[in-house]
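Each reported figure results from applying straightforward, stated rules to the coordinates on display, with no laboratory input. Since the structure is predicted, the reported quantities are computational estimates derived from the model, not experimental observations. Neighbour counts are summed over all protein chains in view; Cβ atoms, including those assigned to glycine, are modelled from backbone coordinates with ideal geometry.
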Amino acid sequence: METGDRTDGLRTGADGRARCAWAGEGADYVAYHDDEWGRPSADDDRLFEKICLEGFQSGLSWITILRKRENFRQQFAGFSIERVAAMGEGDVERILADPGVVRHRGKIASAINNAKAARRLRDETGASLAAFLWRFEPPAEERPGRMTIDWMRANPQVPASVRMAKALKGRGFTFFGPTTAYAFMQSMGFVNDHLEGCCVREACERARAEFARPS
């Protein structure tokens, strides 16, 4: 089978499998597409990590962030909410000195601020960050009948991501608008935006069907 991009938004890889074209051919990006993107999680620290990394990604390509992810994890204590919330100005300066991350003072400070906001949210609600976020899973009526590249291009944000971003902003989170919120939803399995015909779409559908939503 010939490899390359197709008009339906898929790409046939060297292994003969059709994937969302954005995954390209790089082994790291293909693994992220196949094994992570669209898989649901109820782990607070993992969800917090993705909130932070989506903020860092703003204005950059995701592959840039993915290839720096291990450095981010080292600098941000594995994205432990409690440990990041305890960071201060000295930590900002330390992280700024590391060329292995995105050295943007505002985004680094935002990650620390958002950890404090997440900790406060948990203290005030008595529930997990995951339980709060999963309240914004888009209802069926906000989803397309078929996931196509045309629908994806026309919807960089959706009503549910607007609601999520507004709620988090009200809780003190920063660098997390509706478009970033939707990218977060796509990556963390709040929706399954693998295109029809993608080799892992059905696996993600099963994962979402079997996933116990936190409450």
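The distance separating the Cα centre of the stretch 93-126 from that of the stretch 65-81 comes to 11 Å. Here's how it looks for Phe176: its modeled amide H is under 5 Å from none belonging to a residue 5 or more places away or on a different chain.
Report the normalised scattering of the stretch 80-171 as log10 I(q)/I(0) at q = 0.12, 0.19, 0.20 Å⁻¹, calculated by the Debye formula with identical scatterers on the alpha carbons. Rounded to two decimals, the profile gives -0.56, -0.95, -0.98. For the pair the stretch 1-64 and the stretch 137-183, the centres of their Cα atoms are 18 angstrom apart.
Taking 0.36 nm per residue of sequence separation and removing the Cα-Cα distance, the Asp28/Glu70 pair yields an extension gain of 13.9 nm. Using the Cβ-Cβ distance between Glu36 and Glu196 with R0 = 25 Å, the FRET efficiency computed as 1/(1 + (r/R0)^6) comes to roughly 0.80.
Return the FRET efficiency for the residue pair Arg135, Ala209: r is the Cβ-Cβ distance, R0 is 22 Å, and the value is rounded to the nearest 0.05. According to the calculation, E is roughly 0.70. Under a 5 Å amide H cut-off, with hydrogens placed 1.01 Å from N, Leu10 pairs with Ala21 among residues at least 5 apart or on other chains. Since only Met147, Ser187, Phe173 are under comparison, the one whose Cα sits farthest along the positive direction of the charge dipole of the chain, derived from C-beta charges on Lys, Arg, Asp and Glu, is Phe173.
Length gained on full extension, Asp150 to Ala14: 46.5 nm, using 0.36 nm per residue less the C-alpha separation.
Three principal axis extents of the chain based on alpha-carbon atoms, in descending order, are 54, 39, 28 Å.
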